[in-house]
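Structure record follows, encoded as structure tokens.
The values are calculated or read from the model by the stated rules, or taken from the named source; none is laboratory data. This one's a predicted model, so the numbers in the text were calculated from it and none came from an experiment. So basically every Cβ, Gly included, is an ideal-geometry build from the backbone, and we count neighbours across all protein chains shown. Ligands, DNA and RNA are stripped out before the accessible areas are found, and what is left, the full protein with its side chains, is counted by its heavy atoms. Shrake-Rupley method; radii C 1.70, N 1.55, O 1.52, S 1.80 Å.
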Amino acid sequence: MRFPTLRTPAGPVPAGAPDWNPQRGSAMPYHRYRPAHERVELPSGDRRQWPSRRIEQAPLWVPVDLRDGNQALAEPMDPARKQRMFDLFLAMGFKEIEVGYPSASRTDFDFVRRLATTPGAVPEDVTVVVFTAARADLIERTFRSVEGLPRVVVHLYTATAPIWRDVVLGRGREEVRDLITEAAELMARLAGDRPGVRFEFSPEVFNLTEPDYVLEVCNGLTGLWDASPDRPVIHNLPATVEIATPNVYADQIEYVHRHLARREAVILSVHPHNDRGTGVACAELALLAGAQRVEGCLFGNGERTGNVDLVTLALNLHTQGIDPMVDFSDIDEIRRTVEHVNRLPVHERHPYAGDLVHTAFSGTHQDAIRKGFAHHAEAAADLGLPPGRAPWSVPYLPIDPADLGRDYEAVIRVNSQSGKGGIAYLLQAGHGLELPRRLQIEFARVVQESADDSGREVGADELYALFRSHYLDAAPAVDWRTGEEADVHWAEVDGHRGEGNGPLDAVTAALRAAGTAVDILRFTEHAVRSGPDSDAVAYVEARVAGGVVWGAGRDSSVLAAGVRAVLSAVGRAARGQGRMPV
């Protein structure tokens, strides 16, 4: 197939390139872009400390879905959707929630007023955050919206990066600083001595702003707002458009962290976006560098490639043995709610929450997971703990799906890439069958042939149907009965009698008398489930007429299941040759 719109790289191989790398120069206009080190003024003089640190506790999480995420939707949330998302945040345990941009739309203003005027709408320990630009009329409208809320953060933002100052605002450093200061003074006057009101400032595009300028502006606001440990100010440092590797952002955060005035009176917050696909990494390294608070959205909604994903961040901590301080025990309910509110799907491969993230199709992966589940159950029993409380260590599964409210049905799924381990796991988990290893190998070939023919995934029920048709239903239609006389077991198969040490030995003797030589090489049986009313399943590996074949039988009687398994082996040996010769 040809792709006429693509330009296959045909430039020279770079000088000095090793023989194993024959990549050629492309026609992509990469020369139009400046590397990050030419765009970002990196702090100097301080030795990095963040690379040797560890994250040991969750930051303060602040979902901004109702404001920043909402601004990115083609169809912004209506009041009912806003309320449903807010209720979800409360149920999950978030304690600081940005609820809107009340000066930007009537919907946002009315929603904030409803929270402020409805008794019990906001729990006593939850702080509402509202967002405003540095303009007097917008600030005044914002304060009108929050009248009556006992705990509120008013979040002021202004772009501070040189290109925004020059191109968007048309003002110099001093003018932008004065603009911010005037807005901050107005906020202080409107708040007065009202308890429960705190302030937040975001130097938008922080990651492209001169570090000394960020400190000048932020330290000025810390003093103006008279921040103290019991009434701290929040300085939120956004990677508004991600432009560098995460280590650069961490260096910037650490520099501010070390040089902020009244550091004990400042909550250092970050707000990474995901333009380079490294928003989560930026947030994690920022926490190492001194950040205490993270703004983001559930599943990473937001403009362009979105805000940092709070679900991934929090569950990353969970898998490191750190309490995420929010609840994800029903990840599918969370996902369904967010999909409904945003009118956007969560990708099937989204970390932790996607439909396929706990699923293995590969045969080697499936076998490792199946063995891992068995080992985990044994380890839990040795510790005297239920499996859901025992330390987790299962190959290919960094988190126990049960922690997120998922069952194990979707962990192993079968297609043409799958192997015996996955097939055996699905039959055991879905239908209680515990196939012997050599039977697993044989049946895997049957399944792979079916999957190759159809090109589709094979579900647990379809697997059982295949197993039933190839094994359980393979026994020929013969009359048989068994009994015991004077400690001698006997059997009759279509009128032919045989005797033996046990019922199955007698059945094989009767079959030999009928002209079919059968020797049982291996026999196993088990109950399908616990309890006295469970069916039994038996598996027989037998030599029949010179060839080795497997048979299986299922019945409420253990004896009948065993006989059916022997007859299944005989029938499979004779399949395609008409009725079993007797």
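To the nearest 0.05, how large is the calculated FRET efficiency for Arg263 and Asp407 if R₀ is 56 Å and r is the Cβ-Cβ distance? Could the numbers behind the result be given before it?
On the way: r = 47 Å, r/R0 = 0.84.
So the FRET efficiency works out to roughly 0.75.
What's the carbon and sulfur percent of the range 163-250's accessible surface, probe 1.4 angstrom, rounded to a whole number?
Carbon and sulfur: 52 percent of the exposed surface of the range 163-250.
Taking R0 as 45 Å, what FRET efficiency do you get between Ala136 and Arg349 from their Cβ-Cβ distance, rounded to the nearest 0.05?
Efficiency at R0 = 45 Å is approximately 0.45.
What is the spin-label model distance, in nm, from Asp46 to Ser556 if the labels are put 7 Å beyond Cα along the C-beta direction?
Simple spin-label model gives 7.6 nm for this pair.
Between 0 and 90 degrees, rounded to the nearest ten: what's the tilt of helix 79-92 against the longest Cα principal axis of the chain?
Approximately 70 degrees, to the nearest 10.
What number, in percent, do you get for the relative contact order of the range 23-126 if the mean sequence gap of Cα pairs under 8 Å and at least 6 apart is divided by its residue count?
The value is 23 percent.
Which FRET efficiency value, to the nearest 0.05, is calculated for Leu224 and Asp327 with the Förster distance at 35 angstrom and r the Cβ-Cβ distance?
0.40
Expressed in nm to one decimal, what extension gain is obtained for the pair Phe3 and Arg512 from 0.36 nm per residue of sequence separation less their Cα-Cα distance?
This chain segment gains 176.6 nm when fully extended.
What angle do you read, to the nearest 10 degrees and between 0 and 90, between the alpha-carbon axis of helix 211-224 and the longest principal axis of the chain?
Approximately 70 degrees, to the nearest 10.
Expected output is a single nm value to one decimal: the length gained when fully extending between Thr319 and Gln428, i.e. 0.36 nm times separation in residues minus the C-alpha distance. What is it?
Taking 0.36 nm per residue and subtracting the Cα distance, the gain is 36.5 nm.
Could you state the accessible area per residue of the range 140-201 in Å², with a 1.4 Å probe and every protein chain left in place? Please list the in-between numbers first.
Values: 2980 Å² over 62 residues.
The answer is 48 Å² per residue.
When the dipole is taken about the Cα centre of the range 264-305, and only Lys, Arg (+1) and Asp, Glu (-1) are charged at their Cβ, what size is it in debye, to the nearest 20?
Value, rounded to 20: 80 debye.
Once both labels are modelled 7 Å past Cα along the beta-carbon direction, what's the Thr245-Lys371 spacing in nm?
In this crude label model, Thr245 to Lys371 measures out at 3.6 nm.
Quick one: Cα convex hull volume of the chain, Å³ per residue?
Working: hull volume 139.6 nm³, N = 582.
Dividing the Cα hull volume of the chain by its residue count gives 240 Å³.
Work out, step by step, the length gained on full extension between Arg144 and Gln23: first 0.36 nm times the residue separation, then minus their alpha carbon distance; give nm to one decimal. List each step's numbers first, then the result.
On the way: separation 121, 0.36 × 121 = 43.56 nm, distance 6.11 nm.
Contour length minus the Cα-Cα distance gives 37.4 nm.
Grab the other residues whose beta carbon is less than 15 angstrom from that of Leu42, score K and R as +1, D and E as -1, and report the net. Don't jump to the answer; show the numbers that get you there.
Numbers: positive: Arg34, Arg39, Arg47, Arg48, Arg258; negative: Glu38, Glu41, Asp46, Glu210, Asp212, Asp251, Glu254.
Result for the neighbourhood of Leu42: -2.
So if the hydrodynamic radius of the range 225-298 is defined as the Kirkwood radius over C-alpha pairs, what does Stokes-Einstein give as its diffusion coefficient at 20 °C and 1.002 mPa s, in µm² per second? Can you show the working numbers first?
Details: Rh = 12.4 Å.
Calculated translational D: 172 µm²/s.
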